[in-house]
Amino acid sequence: MTTQRNRSQKRILNLLYQLDAAVSAQQIYVELRQREQPLGLATVYRALEALKLEGAVQARTLPTGESLYESIEHDQHYLTCLNCGESFPVNHCPVHELEKELKTSHQFQVFYHSLEFFGLCKQCQIITSDS
């Protein structure tokens, strides 16, 4: 599938490749301004939505409701603490085989998947057990 991306989408996608991390739309907005490639915040959100629907960008939503965006090439999964909000990367993805199976069995084109576990980190477990 060939996709025509506009200049805003290209800038955002290039930035996500360079950062190689999950970042918020606001962080993208600030980073582009610092790199003297400013875009309006609404434009950033529209471009991210278009890139997400195209399957070039994935989003994950934190317990706070904030969304973080990253390139689908950065296939990272997380353990997220519900108390402090810290996210810890998981280095192994058990979903890739299931993704292949679903593509075949349901003729479904998977762009990306997310896998996130929610609970309490070690530090917060200590704090809550002391209470």
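The values are calculated or read from the model by the stated rules, or taken from the named source; none is laboratory data. This is a predicted model, so every value here is computed, not measured. Please note: Cβ atoms are built from the backbone with ideal geometry, for glycine as well, and neighbour counts cover all protein chains shown. Note: accessible area is taken over every heavy atom of the protein model, side chains too, but ligands, DNA and RNA are not part of it. Shrake-Rupley method; radii C 1.70, N 1.55, O 1.52, S 1.80 Å.
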### Task
Please identify which residues in segment 50-93 have an amide N closer than 18 Å to a label point set 7 Å out from the Cα of residue 26, following the Cα→Cβ vector.
60-70, 84-87
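Write out the GluC sites (Glu not before Pro) in segment 40-131 meeting two conditions: DSSP loop, and at most 16 other Cβ atoms within 10 Å of their Cβ. Walk me through the numbers on the way to the answer.
Details: sites: 49, 54, 66, 70, 73, 86, 97, 99, 101, 116; in loops: 66, 73, 86.
Here the GluC sites (Glu not before Pro) that fit, given the DSSP loop and packing criteria, are 66, 73, 86.
For the chain, what does -39500 (n - 2.57) per DSSP helix run (n ≥ 4), summed and divided by total residues, give at 222 nm, in deg cm²/dmol to the nearest 500? Please report the intermediate quantities before stating the final value.
Values: 5 runs with 57 residues, N = 131.
Roughly -13500 deg cm²/dmol at 222 nm, from the helical runs in the chain.
Which percentage, to the nearest 5, of the DSSP beta bridges contained in the chain is antiparallel?
Details: 10 of 14 bridges.
Counting DSSP beta bridges with both partners in the chain, the antiparallel share is about 70 percent.
Antiparallel as a % of all DSSP beta bridges within segment 75-130, to the nearest 5?
Values: 4 of 8 bridges.
Close to 50 percent.
Classify segment 1-113 as rounded, prolate or oblate from the Cα gyration tensor: take a ≥ b ≥ c as the square roots of its eigenvalues, call it rounded if a/c is under 1.5, otherwise prolate when a/b beats b/c and oblate if not. Don't skip to the end; give the middle numbers.
Values: a/c = 2.22, a/b = 1.23, b/c = 1.80.
Verdict is oblate for segment 1-113.
In what sequence, largest accessible area first, do 44, 90 appear using a 1.4 Å probe?
90, 44
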